[in-house]
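Structure record follows, encoded as structure tokens.
The values are calculated or read from the model by the stated rules, or taken from the named source; none is laboratory data. These numbers were taken from a predicted model, which means no experiment stands behind them. With ideal geometry, Cβ positions are generated from the backbone for all residues, glycine too; neighbour counts draw on all protein chains shown.
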Amino acid sequence: MTPEEYRKYAHEMVDWIADYLETVQDLPVRSNVQPGDVINQLPTSAPETGEPFDAIFADFQTKIMPGITHWQHPRFFGFFPANVSEPSMLAEMLVTAMGTNAMLWETSPAATELEERMMQWLARLMQLPETWSGVIQDTASSATFVACLMARERATRGASNEVGLMSSKPLVIYASPESHSSIEKAAKMAGYGRLNVRYTDPSDEGGMDPRSLKRLIKSDRDKGLLPAMIVATVGSTSTGAADPLREIAEIAGAEDLFLHVDAAWAGSAMICPEYRDMLDGVELADSYVFNPHKWMLVNFDCSAHFVRDKAALIRTLSINPAYLQTAAGGQVNDYRDWGIQLGRRFRALKLWFVLRSYGAEAIRDLIRNHVNWAHDLAEHIVVSSGFELVTEPRLAMFTFRPSRTDDSDEATDLLTDQLVAAVNDGGQTYLTRTIIDGRPAIRFQIGQTKTTWEDVQTAWAAVAEMSEKLSG
């Protein structure tokens, strides 16, 4: 493609993107293609000669777009959001053009130093400890994996990096029953083993029960195992539950266990002072992560990972072959030693563009609106017939299910599953299912960039109408 052709198609592409974001609300939220519909339209081999870009883009619109679930739809209320905003997208255009690999300070000094400053901005916006150090990971799953490695090295005094885990007692991780599945995956990858992840009893609020945590740690020590790590959750995926951080941190300190705090979704709300009590005690943690790409208008992927002891992080992950040694080494942050990947994307630029374009107060207003709308809708459900709240709103999320006084639990559970499937098939909105106390429930979370109160009302009207049809 020549520079002239690139300029032409790039302008056309920007127009298409702007039109897409303006009209996405007219599309079905979730793709309704069937398995194989997309791949069966694609050739089984790559072409031997190049094709015109017009033909490629036409195929994108006719073959790929029907298979897209629209995460930027204002009535996307499933999972947690993966937001975009115009300033973030513009930053990504620049990053793509430069093709920066931010693995070392020397490979792009501005990328490293902007990342360092952006992590300081986030820490100050959320009143996190000034002594913490931060790095942008791709996802919270990677940050949790890194934390598991740090905890492993701390528990084995660095031996596992040198000789492996053969000489160590089996290591144990503790988490709440509401914790994210990435903890189990990290335990498998880091050598703990899936069966050495212990889940505490739930507290009355649905999070980790500190008394259960103490009992599990004592039991494992009595068995000759080596407790190594606690993963606390603030804003669980199923219900938005938050673990009692201060109590957990005190146990971690007394037992000399590494404490990692996963606030992937809820962490963005900590930009609002009124929600920061959810993080009470976080200053005692060893590692903390949240995802600006979920609720701060920064497009995927951008995960803010903070650690108390950056030297311990670097010891855990550092390798230093001759081809990575530079004159500035030791004087600067070389972020290739702070995460799994050697090659690193220049993620700090979009964070900088977003924070400067909107300012902290506009982001606070967006989050507060989402929280208030979730509470308003939950109050409406409480007084309406045919539904019940399963869990109260936590920030901008709650769970519910249909309720009929003459129905058995089995009938209600079947109706719940039928309802979420039918609503998603209808295209007006997208919700996700979870299991709470052994029974299905429907999650409703608000967080998409362009969502309005009218979108919330429209989505709920679709739920109520479909429930009536299924019950009729």
- Residue, nearest to the chain's Cα centre (by Cα), within the stretch 282-298, restricted to residues that are crowded, with 20+ Cβ neighbours inside 10 Å and closer than 17 Å to LEU245 by Cα: PHE290
- Quick one: GLY134 ticks every box in (1) in a helix (DSSP H, G or I); (2) touching a strand residue (DSSP E or B) at 6+ places or on another chain (Cβ under 9 Å); (3) closer than 20 Å to LYS294 by Cα; (4) in contact (Cβ under 8 Å) with a residue 40 or more places away in the chain except a single one, so which number is it? (1)
- Does ILE314 satisfy the condition of being part of a helix (DSSP H, G or I) and either surrounded by fewer than 20 Cβ atoms within 10 Å (Cβ to Cβ) or not charged (D, E, K, R) (or both)? yes
- For the subset of the stretch 370-392 comprising residues that are part of a strand (DSSP E or B) and touching a residue at least 40 places away in the same chain (Cβ under 8 Å), which member is farthest from the chain's Cα centre (by Cα)? PHE387
- Task: Could you tell me whether the stretch 259-281 includes any residue that is surrounded by fewer than 24 Cβ atoms within 10 Å (Cβ to Cβ), under 22 Å from GLU361 (Cα atoms) and among the polar types (S, T, N, Q)?
- Result: no
- In the stretch 299-311, how many residues are crowded, with 24+ Cβ neighbours inside 10 Å and of a type outside the set (Ser, Thr, Tyr)? 4
- Item | Any helices (runs of 4 or more DSSP H) falling wholly within the stretch 139-220 and containing at least 1 residues that are basic (Lys, Arg) and surrounded by fewer than 17 Cβ atoms within 10 Å (Cβ to Cβ) | 182-189
- Could you please tell me which pairs satisfy a Cβ distance under 8 Å, a separation of 6+ or placement on different chains, a first residue in the stretch 168-184 that is over 16 Å from ARG154 (Cβ atoms), and a second residue that is of a type in the set (Lys, Arg)? ALA175/ARG198; GLU184/ARG194
- Residue check for THR434: part of a strand (DSSP E or B) and β-branched (Val, Ile, Thr): yes
- Hey, ALA441 of a type in the set (A, V, I, L, M), part of a strand (DSSP E or B) and either out of contact with any Lys or Arg (no Cβ under 7 Å at 6 or more places or on another chain) or in contact (Cβ under 8 Å) with a residue 12 or more places away in the chain (or both) or not: yes
- Return yes or no: is SER318 under 22 Å from the mean Cα position of the chain (by Cα) and hydroxyl-bearing (Ser, Thr, Tyr)? no
- Which of the residues belonging to the stretch 372-425 are on the phi > 0 side of the Ramachandran plot and either among the β-branched types (Val, Ile, Thr) or modelled with pLDDT of 95 or more (or both)? LEU395
- Message: Restricting to the stretch 253-283, name every residue that is farther than 27 Å from ARG368 by Cα and either assigned to a helix (DSSP H, G or I) or among the hydroxyl-bearing types (Ser, Thr, Tyr) (or both).
- Response: GLY253, ALA254, GLU255
- Note on the structure: By residue number, the members of the stretch 329-359 that are of a type in the set (Gly, Ala, Ser) and surrounded by 14 or more Cβ atoms within 10 Å (Cβ to Cβ) are GLY329, GLY339, ALA348, SER357
- Query: For residues in the stretch 19-43 being touching a residue at least 40 places away in the same chain (Cβ under 8 Å) and in a loop (DSSP other than H, G, I, E, B), which is farthest from THR429 (Cα to Cα)?
  - Reply: ASN32
- Restrict the check to the stretch 260-276 and report whether at least one residue is of a type in the set (S, T, N, Q), in the same structural domain as ARG154 (by TED's automatic domain parsing) and either over 20 Å from THR233 (Cβ atoms) or over 17 Å from the mean Cα position of the chain (by Cα) (or both). no
